[in-house]
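Every number here is computed from the coordinates shown, using simple stated rules; none is lab data. Everything numeric here is computed off the predicted structure, so don't read it as measured data. A quick note on method: Cβ atoms are made from the backbone with ideal geometry, for glycine too, and the neighbour counts reach across all protein chains shown.
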Amino acid sequence: MAPTFEHLREADLDDDEFNEDEIDTSDLRERFEVQLEHGYDTFVVIDGLPKVTEEQKPKLIKFLLRKLNTVGKTSEDLVYMPMGDDGQSLQFAFVEYSSPAEAAAATRQLHMVPLDKKHTLRVNKITDIERYGREGRVDEEYQPPHIEEFTKKEHLRWWLKDPSGRGRDQFAMFRGESVGVFWNNERDQPENIVDRLHWTETFVQWSPLGTYLTSIHAQGVQLWAGQSWSRHARFAHPYVNLVAFSPHEKYLVTWSNRPISIPDEGHPALSIDDDGKNYVIWDIATGTPLRSFANLDLPKPEEGAPPPKLQWPAFKWSSDDKYVARLNQGQSISVYELPRMNLLDKTTIKIEGVVDFDWAPATPQRDGVKTYEQLLCFWTPEIGSNPAKVGLMSIPSKEIVRTLNLFSVSDAKLHWQSESTYLCVKVDRHSKSKKSQATTLEIFRIKEKGVPVEVVDTIKDTVINFAWEPKGDRFAIISTAEPPGPTAVAPKTAVSFFCPEKSKGPFAGNFKHLRTLDKKNSNAIYWAPRGRFVVIATVANTQSSDLDFFDLDFEGEKPEAEKDMTANLQLMNTADHYGVTDVEWDPSGRFVATWASVWKHQMENGYHIYDFKGEALREEPMDKFKQFAWRPRPPTLLTKEEQKQVRKNLREYSRVFEQEDADRGASADLAVVEARRGLLQEWYSWREQMEAEVAEERTALGLPADPHAHLLEAKTKMVGGDAEEQVIEEIVEEVLEESEEVVS
């Protein structure tokens, strides 16, 4: 450690020879005084220790070292534990690590970790404590904390109880410089809830369960929630470009293509350890950063090849938010435990050549496995004489559950079914000459004993899109015989549907081809959130913009060749939205929104809304229309038994809903009648006003108020007295019966 000014003064100067106040030592201070950020950045202060005597202290230090050495290197002689006048320790200690990185890891991973049942460690860097003291953030005298009065917070999921009682969904729209949130009113004008100018600078994004609306700014990210749409949290990541939530909304990942630069005066949330990093993982509840990471050094592309694309999301979450993992391309997978963000078992999972991985989207329930686990799958290419490989790994044990060797592989894609019942590996294979290509679908049946793998028949064309049915066991693919790559004209494609055969056992039968629709231009598959219905679309294509609405459980006669299949495919409707760039189902699966975004082209921007049958409900062109986003819903709180009961009594509920629809229609007619009555009342009011004005004018001109009475009075005077009464008789003839008789 470099000497401080006080050390030099004690060693070289004698206080008896001169007066200290007469010496100018500013040059020595400037030259030799150690800056805390550079001198003490390997030290941490640990609070929360138990009180011990001098005899008990060595034993406590040895016990404490078990924790301390899990994150770095330190030793017994590098731990200083001060003692009080009463002979007992002061319940804190100073610890020196071998590097600043280890000290930072200690504050991140050991803070709030239990030492025993009664004591919890609180770990801080000594430089932070000194810096806060210099900046006046810490008073010399203890001040008891101010406890704010309890204030009731807004319910963050208020929108689930629709005030209209109709179970409507909300959506956000970004157009021009305004962002608005609306209730969906089917055919009618959407009901605006909130609309704000410059609410975001780049885009908006809902959290996975719909609790928060995210806005993006140069200073960082903000989350908005509650019925008043107040700011719930902010995350100060400068020049942030992208954000991603964990599945249960506990954590947030932010990324910027600009490395973080911590100014000299400090940062409100980040520290010097985050300088130069691109990713930050935040705890949403506390708003604090858990850990930061730099961009990975991607392998340089071959000469003439395009630069590698950014992998997003770079951090992938387990289904229960307990783990987050990152791919080290071609080398390993790093799995971190939440919330401490420490590396699982303190080491990465070495997998030579690994190209991609993905977590199971739901906690698996494998046959015969009773211990807790999360599954992740990965694949590696052919390396030398070794075949390509797909692996299934259990976390946290890191046990390989299943592997599959593959040959002649050009590429592979991993597709999980929403309930982790199946994993489909779409394998693109090339011939020996590498001039032709075919696709095979390798399906892992996760919940069956031993995780068997079923191979679906080889597809001679290239599969460009694959999508599982949510909460189901059917899937659709789009394939083409044309070579891959951008083309001026949309390539001809074929849409194929697959489903299991009927089975008497607990598991679905083998997957079979259901039907193929040829000579299409489709390139995208959008399943309804609850399955059954699917939209096959052509998006981001100037030549075609078809939308085909299919029902896979059509209640009608099934073709003879499909009697043993678990599907009955029916095309319900077709539509065309010129220039469509995006398609999204609402959370209930009742409506589909399509829109043409100005971010992709400037022709006929706006949005359409269809019902699940493909009937157009609403079309609204809109200049500078950028984004449409349905608000997600959290999972239902009903048990499986309660859901079965609802389905069983669906016809009774349907009568109620149909009556409500009829009442709304009647209320619409009533509104028309009331509008007409209003117009008539307006006419009566106008007539009374005109009559009053005429009466005032007649009075001002000296004319009689009632001209008719004046004329009658004049006529009476002319006949000399009282006017004679005139009796007017009116004869009314009524034909009671009429008959015709022909007389010869």
Ranked E469, E733, E584, criterion: other C-beta atoms within 10 Å, fewest first: E733, E584, E469
For region 461-576, how big is Rg over Rh, using alpha carbon atoms and the Kirkwood form of Rh? 0.99
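Would you please calculate the Kirkwood hydrodynamic radius of region 35-134 over all C-alpha pairs and express it in Å, rounded to one decimal? Write out the running numbers ahead of the final one.
Working: mean 1/r = 0.0731 Å⁻¹.
Hydrodynamic radius (Kirkwood, Cα pairs) of region 35-134 is 13.7 Å.
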Can you work out the PRE-style zone for D116? Point 7 Å along Cα to Cβ, and I want the residues of region 87-102 with backbone N under 15 Å. 89, 91-92
L65 to K447: FRET efficiency via 1/(1 + (r/R0)^6), r the Cβ-Cβ distance, R0 45 Å, to the nearest 0.05? 0.50
Nonlocal amide H pairs with G509, under 5 Å, H built at 1.01 Å: E501, S503
Lysines within cross-link reach of K492: Cα-Cα under 21 Å, excluding same-chain residues under 8 positions apart? K426, K435, K460, K519, K520
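For the chain, compute Rh as the Kirkwood radius over C-alpha pairs and then the Stokes-Einstein diffusion coefficient at 25 °C and 0.890 mPa s; write the answer in µm²/s, rounded to an integer. If you can, show how the numbers build up before the last one.
Working: Rh = 33.1 Å.
Roughly 74 µm²/s, to the nearest whole number.
Please report the relative contact order for region 35-134, taking Cα pairs under 8 Å with a sequence separation of at least 6, and give it as a percent rounded to a whole number. Write down the numbers at each step before the final one.
Values: 164 pairs, mean separation 40.0, N = 100.
With pairs under 8 Å counted, the relative contact order is 40 percent.
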Which of the peptides 736-742, 263-269, 427-433 is most tightly packed, and how do the rest follow, going by the mean number of other Cβ atoms within 10 Å of each residue? 427-433, 263-269, 736-742
Hey, got a sec? Which GluC sites (Glu not before Pro) in region 611-642 land in a DSSP loop and have at most 15 other Cβ atoms within 10 Å? E615
Pull up all non-local amide H partners of Q205: gap of 5 or more, or a different chain, and H-to-H distance under 5 Å with H placed in the peptide plane. T214
On the formula 1/(1 + (r/R0)^6), with r taken between the Cβ atoms of E141 and D85 and R0 of 25 Å, the FRET efficiency rounded to 0.05 is 0.80
Taking R0 as 41 Å and r as the Cβ-Cβ distance between S230 and R258, the FRET efficiency 1/(1 + (r/R0)^6), rounded to the nearest 0.05, comes to 0.90
Counting other beta carbons within 10 Å of each Cβ, put T581, T200 in order, fewest first. T581, T200
Diffing region 405-420: the Karplus 3J(HN,Hα) column from phi (6.51, -1.76, 1.60, θ = phi - 60°), in whole Hz with x for Gly and Pro, holds 8, 10, 10, 6, 9, 8, 7, 9, 10, 9, 10, 8, 6, 4, 9, 6
Grab the DSSP H runs of the chain that are 4 residues or longer, score each as -39,500 (n - 2.57), total them, divide by all residues and round the 222 nm result to the nearest 500 deg cm²/dmol. -5000 deg cm²/dmol
In nanometres, what is the gap between the two model label sites at K434 and E734, each 7 Å from Cα along Cα-to-Cβ? 10.5
Karplus-derived HN-Hα couplings along region 50-64 (A = 6.51, B = -1.76, C = 1.60, θ = phi - 60°), whole Hz, x at Gly and Pro: x, 6, 9, 8, 4, 6, 7, 4, x, 5, 5, 4, 4, 5, 5
When only C-alpha pairs under 8 Å and at least 6 residues apart count, what is the relative contact order of the chain, in percent? 6
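Out of all Cα-Cα pairs in region 603-679, roughly what percent, to the nearest whole number, are more than 17 Å apart?
Numbers: 2182 of 2926 pairs.
Tail of the P(r) past 17 Å holds 75 percent of the pairs.
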Could you sort 444-457, 93-106 so that the peptide with the highest average Cβ count within 10 Å comes first and the rest follow in order? 93-106, 444-457
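Filter K153/K322; K152/K471; K447/K640 down to the pairs with a C-alpha to C-alpha distance above 29 Å, please. Before the final figure, lay out the partial values.
Working: K153/K322 27 Å; K152/K471 38 Å; K447/K640 19 Å.
Those over the limit are K152/K471.
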So if each residue of separation counts as 0.36 nm, and I subtract the Cα-Cα distance between K492 and R196, what length gain in nm does that give? 102.2 nm
So what's region 170-242 giving for Rg/Rh, alpha carbon basis, Kirkwood Rh from the mean inverse pair distance? 0.98
